[in-house]
1. What do you get for the angle between helix 89-113 and the principal long axis of the chain? Use alpha-carbon atoms, 0 to 90 degrees, nearest ten.
2. Percent of accessible area on the chain owned by carbon and sulfur, 1.4 Å probe?
3. For Lys87, which lysines qualify as cross-link partners when the Cα separation must be under 25 Å and same-chain residues fewer than eight apart are set aside?
4. Sorted by mean Cβ packing within 10 Å, highest first, what order do the peptides 62-73, 126-137 take?
5. Round to the nearest 10 and give me the degree value, 0 to 90, for the angle of helix 185-213's Cα axis relative to the longest principal axis of the chain.
6. Give the lysines reachable from Lys29 as a straight Cα distance under 16 Å; neighbours fewer than 8 places away on the same chain don't count.
7. What is the helix-to-structure angle for 69-85, meaning the angle in degrees between its Cα long axis and the longest Cα principal axis of the chain, kept from 0 to 90 and rounded to the nearest 10?
8. Over the alpha-carbon set of the chain, divide Rg by the Kirkwood Rh and report the Rg/Rh ratio to two decimals.
Amino acid sequence: MLIQNDAKRWQRLLVSAVLFIVIAAMVYKSTMLIGTLDSVLQTLFTNNHPNATGGMKVVMTLISFIGSPKMDLVWAFIIAFLLWGFKYKIPALWTLGVILGGDVLGAIVKHVIKRARPAQHMAADNGFSFPSGHVLGGFLIAGILMLVVVPIIQSESLRVICQILLVFYVALLAISRVYLYAHFPTDTIGAMLLAYAWLQIAEYLYVIFAPILSRWKFVSNSYV
């Protein structure tokens, strides 16, 4: 199978889930530690002039658009379509389940925490701030590619290049959201932790249900 059983998966889930809960609780309580951390990281990654224009802002805006929740759904459907076409039907269904489940999970957390966005945020960025929907979805897309697309690539060197590019993309997406004042830095950190924890659960579900689904007629000829 593309995704194998892993005895350490629950350890990774526990660590990421606990860290996310701790950060979410501190954000909810607006603790001084979270405020200080956000201030320090914002100084490193934000544009000093929110309304300024320039090459960097154009690049960050483009990256933010590519990783927007709507585009994440588009990427997920494209990935699923291609996987289905190459007879990876069960991974295709799993891809859609991962992105849709992550979106629902992120929306629930947003409405529980109800954190306001940075004061300088653009009008286009509405809704609650924690966790970042862009980073959550972007991390999941990268995770899906890592788990069920990259392993299919025959060339080892190309697989390594793809993995590096995916890590770089997620990091750049997180920075872009802070740079554009759309999110606090801890919104992006929380999003990555939540996405990672959800991926651990999704991988476990794949290992359990993929062999069962392979006996269903409409996906019986699927690679697993």
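1. 30
2. The computed percentage sits at 73.
3. Lys217
4. Numbers: 62-73: 17.2, 126-137: 23.5.
Highest to lowest by the protection proxy: 126-137, 62-73.
5. 10
6. Straight-line reach from Lys29, under 16 Å: Lys110, Lys114.
7. 10
8. 1.00
The values are calculated or read from the model by the stated rules, or taken from the named source; none is laboratory data. All values reported here derive from a predicted model rather than from experimental measurement. Reconstructed Cβ throughout: ideal geometry from the backbone, glycine too, with neighbour counts over all protein chains shown. Just so you know, the surface numbers come from the protein's heavy atoms only, side chains and all, with ligands and any DNA or RNA stripped out. Shrake-Rupley method; radii C 1.70, N 1.55, O 1.52, S 1.80 Å.
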